[in-house]
Amino acid sequence: MPIDNFSVKQFANKSQLFRIFRKLQPVFFFFAGLVLFPQLLLAQWHATIGAQSQDLGRQGLAFLPNEIWIHAGDSITWTMAPAEPHTVTFLTANQLIPPFTEGCPGFSSDSATFDGTTCATSPLLFQGQKFIVAFPVAGNFKLICLIHQNMTGTVHVLKPSESLPHDQAFYDRVAQEQSTSLLTDQDAGTLKHQHSENGVSVGHGEIIATGGGSDSISVMRFGDPEITVHAGDTVEWTNEDPITPHTVTFGAEPQDPAAPSSNVTIDVDGARHGVLNSPSDSVHSGFIQVAPQDRTGLAQAPSGVTRFRVRFSKPGIYPYICALHDVLGMKGEVIVLP
Ligand SMILES: [Cu+2]
């Protein structure tokens, strides 16, 4: 047989083999994948973070659902719904809750594994972003958001031999129900307290417990966004949200929103106080916020600074914002008549 002929035949055989291999390639890679990455066999669960009203003013600060039962080896993908940022964070037992700027410490970029021995947290997640956590071992793990207190949940990781109580369709339904109930809750949007004359409420909210943790709803709005007073009057802002800090900020936005500006003084009752002489002046309340909830066995928390007062000495129109939530539309205006 001429050598050329042989090569042609061999080539023909080879190309036939190659065609078969190409056809079987996806199957081959699938099985090779299972051998190399057995977690491909394991379930992927889905949950949502947060809910919001169309005007962004009402924020459901919650994991939806906030309690899920899965098998060891499964993973959960959380997807961000709202404009308000959140984190997906699992700390180790007794770990102090770190500031969200530090992570736990550090952040995992888009996925993490949590077995209870080393903490895991996403960075700040924004609308549309996803974060995946794999749970290789059985256990009951608390889920928190580093930014929002009272936004907690539980992941129950069972052994593969144990049966799961619910399927994904159940969780989708619960998430939808929890979201709707947060966004339509009537109490959260109602004025709860009597205000002094020229009083403006700063946000409202509520904490709602479920068997797996707590959700909360925050209305990121000034109760009376436009108020008219006279020169010489003082307006008093009171934060009525059980968790969320807010600010009352006139003029320049500070670098650090937590601290009041240097022209703020403290009244005898602990409220902060500023004076504005012209609409072009700046004054910033810093965070006004209720004290965190107390727990038996721990030192009580000091009373929170919930009030900010500003005296307007000259007529004019004084726009202001909450430096934390102006992107959600939390803005107001004081009209000062002569
Ligand atoms: Cu705010």
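Observations
- Yes/no for THR79 being not hydrophobic (A, V, I, L, M, F, W, C) and not in a loop (DSSP other than H, G, I, E, B): yes
- In this entry, PHE308 passes the filter for residues that are within 16 Å of the ligand (Cβ to nearest atom), over 30 Å from ALA81 (Cα atoms) and in contact (Cβ under 8 Å) with a residue 40 or more places away in the chain.
- Checking the stated criteria, ARG295 turns out not to satisfy the condition of being among the basic types (Lys, Arg), more than 13 Å from the ligand (Cβ to nearest atom) and part of a strand (DSSP E or B).
- Counting only strands (runs of 3 or more DSSP E) that sit completely within region 111-168, those holding 3 or more residues that are over 18 Å from LEU64 (Cβ atoms) and more than 16 Å from the chain's Cα centre (by Cα) correspond to 111-113.
- Candidates VAL327, VAL275, filtered to the one that is outside any loop (DSSP other than H, G, I, E, B), open to solvent by 40 Å² or more (accessible area, probe 1.4 Å), within 16 Å of the ligand (Cβ to nearest atom) and not basic (Lys, Arg): VAL327
- Given (1) touching a residue at least 12 places away in the same chain (Cβ under 8 Å); (2) within 16 Å of the ligand (Cβ to nearest atom), number of the condition ASP256 does not satisfy: (1)
- Flag if GLY199 is closer than 29 Å to ALA271 by Cβ, open to solvent by less than 50 Å² (accessible area, probe 1.4 Å) and modelled with pLDDT under 95: yes
- Of all residues in region 227-246, those being acidic (Asp, Glu) and either more than 19 Å from GLY274 (Cα to Cα) or within 16 Å of the ligand (Cβ to nearest atom) (or both) number 2.
- Here region 207-226 is the region considered, the condition is being away from the ligand (no atom under 13 Å from the Cβ) and open to solvent by 40 Å² or more (accessible area, probe 1.4 Å), and the residue that is nearest to GLN289 (Cα to Cα) is ILE207.
- Boolean, SER280 is more than 16 Å from the ligand (Cβ to nearest atom) and among the hydroxyl-bearing types (Ser, Thr, Tyr): yes
The values are calculated or read from the model by the stated rules, or taken from the named source; none is laboratory data. Because the structure is a prediction, the values reported are computed rather than measured. Note that each Cβ is placed from the backbone with ideal geometry, even for glycine, and that neighbours are counted across all protein chains shown. Please note that ligands, DNA and RNA were not included when accessible areas were found on the heavy atoms of the full protein model with its side chains. Shrake-Rupley method; radii C 1.70, N 1.55, O 1.52, S 1.80 Å.
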